[in-house]
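*Asks:* Structure provided below as structure tokens; questions to follow.
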Amino acid sequence: MAALGVLDEIVDTARYPLADAADPGRDAAVARARAELAASGCTVLRGFIRPELTATLRAQGEAMAPHAHYEVERVNAYNIPLDTELPQDHPGRIVLERGNAFVPRDRIPLDALIHRLYVDAGFQRFVADCFGLAELHEFADPLAGLCLNVVAPGMSHPWHFDTNEFTVSMLTQPAESGGIFEYCPNIRTPDAENLDDVRAVLTGAGERSIQRLVLRPGDLQLFQGRFSLHRVSPVAGARQRHSAIFAYTDRPGVIGTVERTRQLFGRVLPDHLAAAADVVRGDRLLD
């Protein structure tokens, strides 16, 4: 009997028949994801992982979590230096406290469920199809390619924009309370920062812009975080919140900046220093 492929073994193929590219169920999943991404910049594939594997997913995340780099930092929503010259009323001058932590890729075992899924060509093709991309590449970054985000009780991942235009993530362990994913769909565009709307959210006056998602272990989230301000609300209770971040890009060879890498992981590698002179942006947004 032939061995099961990664998609058959890990994904709930009764709900998401991804292993067969010709299965109409796969087309339906892609069409739904594309429609929701077009409407709100976010889609969630509930119960993406086989239900019998969610306990393993959680246990593996708990084993990785002690390897996270912890450093409470003062940041802004654009992840740019706090001393950047900005107008007095610019939302980038609003200082936030970032207390979440990241387990880097070089501390994630190769046999972990999230790693096996991340590198699987079939999974990558499905994600690319959902985002409408001709091709998809793993980050070349040896630390940020795949990581586990850890938010401890009393901490949060504050409001921010992503550098990458799209994000793929999966909750592996929920908080006892709090730790809700909150986002403002398409609050800015490639051509307009919409500073007034961003400032309203950061100052507590932008409730009308905020949507909230309650995620469960094994849910796969596809998100366009470059244009949608988002955060993980403060975590309460005794349990950490864990989520896997699958970092992909539409072009090969992408490596994180030195400053951002040092922020997230507390260290940089020669790869980051060598790539520092070759950073390319696809738009003119602040970050």
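The values are calculated or read from the model by the stated rules, or taken from the named source; none is laboratory data. Please read all numbers here as calculations on a predicted model, not as lab measurements. Neighbour counts run over all protein chains shown; Cβ positions are idealised from the backbone, glycine included.
*Asks:* If you go through segment 198-239, how many residues are part of a loop (DSSP other than H, G, I, E, B) and in contact (Cβ under 8 Å) with a residue 40 or more places away in the chain?
*Replies:* Matching residues across segment 198-239 total 16.
*Asks:* So, in segment 147-175, how many residues would count as being farther than 21 Å from residue 73 by Cα and either in a strand (DSSP E or B) or without any contact (Cβ under 8 Å) to a residue 12 or more places away in the chain (or both)?
*Replies:* Going through segment 147-175 one residue at a time, the tally reaches 7.
*Asks:* Same structure, new question: Among the numbered criteria (1) more than 19 Å from residue 69 (Cα to Cα); (2) surrounded by fewer than 23 Cβ atoms within 10 Å (Cβ to Cβ); (3) at pLDDT 95 or above; (4) touching a helix residue (DSSP H, G or I) at 6+ places or on another chain (Cβ under 8 Å), which one does residue 198 miss?
*Replies:* Residue 198 satisfies all of (1) more than 19 Å from residue 69 (Cα to Cα); (2) surrounded by fewer than 23 Cβ atoms within 10 Å (Cβ to Cβ); (3) at pLDDT 95 or above; (4) touching a helix residue (DSSP H, G or I) at 6+ places or on another chain (Cβ under 8 Å) except (2).
*Asks:* Moving to a separate point now. So which residues in segment 71-90 are farther than 22 Å from residue 155 by Cβ, in contact (Cβ under 8 Å) with a residue 40 or more places away in the chain and surrounded by 14 or more Cβ atoms within 10 Å (Cβ to Cβ), if there are any at all?
*Replies:* Of everything in segment 71-90, just one residue is farther than 22 Å from residue 155 by Cβ, in contact (Cβ under 8 Å) with a residue 40 or more places away in the chain and surrounded by 14 or more Cβ atoms within 10 Å (Cβ to Cβ), namely 90.
*Asks:* Take the residues of segment 116-146 that are assigned to a helix (DSSP H, G or I) and among the aromatic types (Phe, Trp, Tyr): which is nearest to residue 60 (Cα to Cα)?
*Replies:* 118
*Asks:* Consider segment 122-144. How many of its residues are out of contact with any Ser or Thr (no Cβ under 9 Å at 6 or more places or on another chain) and within 27 Å of residue 261 (Cβ to Cβ)?
*Replies:* The number of residues fulfilling the criteria is 8.
*Asks:* Look through segment 176-195, keep the residues that are hydrophobic (A, V, I, L, M, F, W, C) and assigned to a loop (DSSP other than H, G, I, E, B), and return whichever of them is surrounded by the fewest Cβ atoms within 10 Å (Cβ to Cβ).
*Replies:* Here the answer is 180.
*Asks:* Out of everything in segment 62-97 that is in contact with a strand residue (DSSP E or B) (Cβ under 9 Å, 6 or more places away or on another chain) and among the hydroxyl-bearing types (Ser, Thr, Tyr), what residue ends up being farthest from residue 200 (Cα to Cα)?
*Replies:* 70
*Asks:* Go through segment 16-70 and give me each residue that's surrounded by fewer than 18 Cβ atoms within 10 Å (Cβ to Cβ) and of a type in the set (Phe, Trp, Tyr).
*Replies:* Passing the criteria: only 70.
*Asks:* Those residues that are modelled with pLDDT of 95 or more, more than 22 Å from residue 115 (Cβ to Cβ) and assigned to a strand (DSSP E or B), I need them from segment 39-79; list them, please.
*Replies:* 42, 43
*Asks:* Any idea which of (1) over 23 Å from residue 182 (Cβ atoms); (2) over 19 Å from the mean Cα position of the chain (by Cα) is the one residue 115 doesn't satisfy?
*Replies:* The number of the failed condition is (2).
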